[in-house]
Protein chains: 2
Amino acid sequence: MAIRYPNGKVYTPKKDQSIVKKKDYSFSNRGKTLEDEINDANEYYLTHGIAVIYKKPIPIQVVKVDYPSRSSAVIKEAYYRTASTTDFNGVYEGKYIDFEAKETENRTAFPLKNVHLHQVEHMRKVVKQHGICFLLVRFSAINRYFYLPFEHLGLFWDRMQTGGRKSIALSEFEEHAIEISPKYAPRIDYLEIVKNLSV
Amino acid sequence: MAIRYPNGKVYTPKKDQSIVKKKDYSFSNRGKTLEDEINDANEYYLTHGIAVIYKKPIPIQVVKVDYPSRSSAVIKEAYYRTASTTDFNGVYEGKYIDFEAKETENRTAFPLKNVHLHQVEHMRKVVKQHGICFLLVRFSAINRYFYLPFEHLGLFWDRMQTGGRKSIALSEFEEHAIEISPKYAPRIDYLEIVKNLSV
């Protein structure tokens, strides 16, 4: 049933961008990608002396380079390569941190096709070296974030490899992962989870 | 005086490539760059489950990309960016390892212009986080390798910043760094130094 003003006119909720923006200021990601949000957190950790964690550069295979002058080089042909490791790594209180960050629009499950075999293999090796290794997942449509320790990711991966489901259900995240509640600064404070898990 | 065969013919030592190769097999770098040698060591560590250490991809700023088909992307214009961190990092027995590798043709000193300010700043932050951080230097002309803990590199850097010499003398490496003697496999076993320093 339509909501009507006292004058009988039908009420239509306004899509006021400025209001949405204002509300978004401190608690939403304001259209940022998960990668942006993690870069923000890493910047916060770096400037506050909490940790030194960076996103690795994207691996690119350079094929042709022009040198218009002695001091400059212009790459004229190059190709993206598949990453053989994870996106982020660094150090937190002497400990090695290594993780991959992925977002999905799916509301009920995280499709494992977002993770590559060589990344899982890399993470297995890191865990064997006693590095701290995890997957950060953002369910963008429902605005929820999870920290899934590699131990669990590995099990879900193996389940798929042996014929099981090709995704991790949201309910499985609720059971095995640690949910990150966005806060003011840094918004996505994933090291808080590392800290609590290490205690 | 020339050496002669019994038949009177002058003996000329043969430059037999296969012999040179054989001799080079285990003790020389066979024209490899220091980066190649470290990648070899890292590969050895990885396959033997000793450590997980990688060279980071070279940072490239992509400006223009063509998509000739849905599945492929060709980068048509891109530029090399200056690295803001070091070249190598990874994990060894839970510990964070971070280092830069540089070679010089200079026989008596390592010019500090080979290291960038932001790299030194990055290394300072890593050391504050209790990461293991060092500079690997190859004096290529005399085939000597040194592991210089960041603590010393930082002091030499500060000396330069306060008007002192712009290089680190070979004799200073002999005094403050740990020399790496190439061995069979891996040839440049820098983790051996990390292990000994950690004890």
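Here, each number is a calculation from the coordinates, and none is a lab measurement. As the structure is a prediction and not an experimental result, all values here were calculated from the model. Glycine also receives a Cβ, built like all others from the backbone with ideal geometry; neighbour counts cover every protein chain displayed.
Assess whether residue A:31 counts as being within 14 Å of chain B (Cβ to nearest Cβ) and at positive phi.
Taking the combined requirement at face value, the residue does not satisfy it.
Residues in segment A:56-76: is at least one more than 8 Å from every other protein chain (Cβ to nearest Cβ) and touching a Phe, Trp or Tyr at 6+ places or on another chain (Cβ under 6 Å)?
Within segment A:56-76, one or more residues are more than 8 Å from every other protein chain (Cβ to nearest Cβ) and touching a Phe, Trp or Tyr at 6+ places or on another chain (Cβ under 6 Å).
From the list B:159, B:138, B:124, pick out the single residue that is farther than 26 Å from residue A:50 by Cα, surrounded by fewer than 20 Cβ atoms within 10 Å (Cβ to Cβ) and not acidic (Asp, Glu).
None of the other options fit; the residue is B:159.
Yes or no: residue B:127 in a strand (DSSP E or B), free of Cβ contacts under 8 Å to residues at least 60 places away in the same chain and within 14 Å of chain A (Cβ to nearest Cβ)?
Criteria not met by residue B:127.
Could you list, ordered by first residue, the pairs with Cβ atoms under 6 Å in which the first is in segment B:36-49 and within 13 Å of another protein chain (Cβ to nearest Cβ) and the second is in a loop (DSSP other than H, G, I, E, B) and not aromatic (Phe, Trp, Tyr), at least 6 apart or interchain?
B:45/B:51
When only residues in segment A:50-78 that are part of a loop (DSSP other than H, G, I, E, B) and charged (D, E, K, R) count, which is surrounded by the most Cβ atoms within 10 Å (Cβ to Cβ)?
A:56
So, in segment B:95-124, how many residues would count as being of a type in the set (Asp, Glu), under 28 Å from residue A:97 (Cβ atoms) and not in a helix (DSSP H, G or I)?
2
Can you name the residue in segment B:87-101 that is within 13 Å of residue B:194 (Cα to Cα) and among the aliphatic types (A, V, I, L, M) and, of all such residues, is farthest from the other protein chains (Cβ to nearest Cβ)?
Checked segment B:87-101; the qualifying residue farthest from the other protein chains (Cβ to nearest Cβ) is B:97.
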